[in-house]
């Protein structure tokens, strides 16, 4: 073997390492597949990672972890700002929870996941402990709590939360939460704004939850309900403690009690444009009607 | 076989047993085999029933490719979840019979009667049911609810079912959201309908009902319906109530039917002053009251 060929072989064999090093500095996106391996260089779609965690470890902060096919992906603890994005057409399943804890100015996006508790009624599907969380087009099923929110901010769109035995969506600190075009079905409680959270719920169906459909239940919590359907629970809309709940353009029917304001400091405002019909009572407590402008 | 080998085999069998005790999800594909270990996506099952047999109660049966999957008899709470982009077809009935505390989820399935106009697409005998993103076509009855549980239907299309798209017989709470009912209820007597409700509570939101057909929704006996942000057109009767039934209508459009709203003499209809009921040959008919109710 000539020295030239030997040199060439050394350079070629070192090339992947060099590429890996230079690519790792700029990994805007990685790929994850059920056929992958977390030891791969996952920025190459031909050599994807196997798990969410593997992809998250390799991608840059604010990078995208793209799940390219159906399979089971084993939960994740997310400590840096990333976006998990499941290709439309794939079911990216996890029976283990997603826990998000990033810096106050950082954002995590979860798009298109299917989260179902491995042991029914146990654990929280998604827990936000720090930072901003955006959940899109996701199905969360069969946990103790579906989505538990503290941290800086949460936005939930096009998402179904069902069959959770306690709270489906729970605001657990003084953070803004926006829920739009989603469904909350067959849980214990539906959507609960507690602990000073400020929650806006629009164009959302909340049906068949055992206790309250939507409630403002913590000191200083505010919940606005617009163009929603709240069916078939113990109370449709409920406010207690020094909290405020406002409702507009919504249908609240088939609950034992449609609207209830309970106790000193509980404020329930209606814009006078709602269908309110309870099974045993339409309204308990004081409702203040305010005009639209 | 030596004693030692027998022990090894026994140990392996025991380990299979423990693996089966934690099967949160299985995979089903048209290229699979029900004798496979279907928790491995590389060795999926072939049929819904094969997946259901292997998954834990409350587990997920994930259908990963287009094909025909041969109905199912569902006797434990499971979730059939079809990957968007795949057509998971069945020409045979899905029958669900689980405990009253248990829930079955069907997401993304396509059910079309093998023999047009016969049989039932989904038969809920007992338990709770969630149907999402599905198509139910060409049965005698699309979905039959005999259970007294909870039923949630969303983003689903029910078409060309001869007797009714959905028939509710049990004292169930049924919520239908953002769905379409096209050309169901092709007979000429009460009960032929997009949704025929003979008991329970029905909530319909954001849903399109269009003919041909006898009625969009018929509400009978002591059943109650709340219909909101929905459309009814091109029927003999848009919304029809009999017996001691109650219908509540809000933000709903009932147009271009022969009869818009029919209220039988012992039934009653409530309207919230925000509906469009015009352009039917007769907008309101029947001798029962139509009561305006104020929004709050």
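Please treat every number below as a calculation from the coordinates, not as lab data. The model shown is predicted, which means the values in this text are computed figures rather than measured ones. A quick note on method: Cβ atoms are made from the backbone with ideal geometry, for glycine too, and the neighbour counts reach across all protein chains shown.
Summary table
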read-out	value
Inter-site label distance for residue A:291 and residue A:57 at 7 Å from Cα along Cβ, in nm	6.4 nm
C-alpha center-to-center spacing [segment B:72-103, segment B:146-185] in angstrom	16 Å
Ranked list, fewest to most other Cβ atoms within 10 Å of each Cβ, for A:158, A:69	A:158, A:69
Global size of segment A:113-176 as Cα Rg and Dmax, reported in angstrom	10.9, 30
Angle between chain B longest axis and helix B:3-20 axis [Cα atoms, degrees, rounded to 10]	20 degrees
Extension gain, residue B:34 back to residue B:101 (0.36 nm per residue minus Cα-Cα distance, nm)	21.3 nm
Reduced Cα scattering model of chain B, Debye log10 I(q)/I(0), q = 0.06 Å⁻¹	-0.24
Fraction of antiparallel bridges per DSSP, chain A only, in percent to nearest 5	0 percent
Antiparallel DSSP beta bridges within chain B, percent to nearest 5	0 percent
Values of log10 I(q)/I(0), in the order q = 0.19, 0.28 Å⁻¹, for segment B:41-93 under a Debye, Cα-only, solvent-free model	-0.60, -1.26
Cα-Cα pairs of chain A separated by more than 23 Å (percent)	57 percent
Segment A:123-269: relative contact order as a whole-number percent, Cα under 8 Å and 6+ apart	15 percent
Likely footprinting exposure, A:284, B:201, A:128, B:94, fewest C-beta neighbours within 10 Å first	A:284, B:201, B:94, A:128
Computed P(r) (all Cα pairs; segment A:198-293; 10 Å bins; percent)	20, 57, 23, 0
Paired Rg and Dmax values of segment B:171-247, which use every Cα atom, in angstrom	11.1, 29
Separation of the residue A:26 and residue B:126 label points, Cα + 7 Å toward Cβ, nm	6.4 nm
Nearest 10 degrees, 0 to 90: helix A:3-24 Cα axis against chain A principal axis	10 degrees
For segment A:117-268, alpha-carbon Rg and Dmax in angstrom	13.6, 42
CD proxy at 222 nm, helix term only [per DSSP H run n ≥ 4: -39500 (n - 2.57); per residue of chain A; nearest 500]	-3000 deg cm²/dmol
Kirkwood hydrodynamic radius of the protein assembly as shown, from inverse mean 1/r over distinct Cα pairs, in Å	25.3 Å
Fewest-first sequence of B:173, B:290 by Cβ atoms within 10 Å of each Cβ	B:290, B:173
Reciprocal of mean inverse Cα separation for segment A:46-154 (Kirkwood radius, Å)	13.6 Å
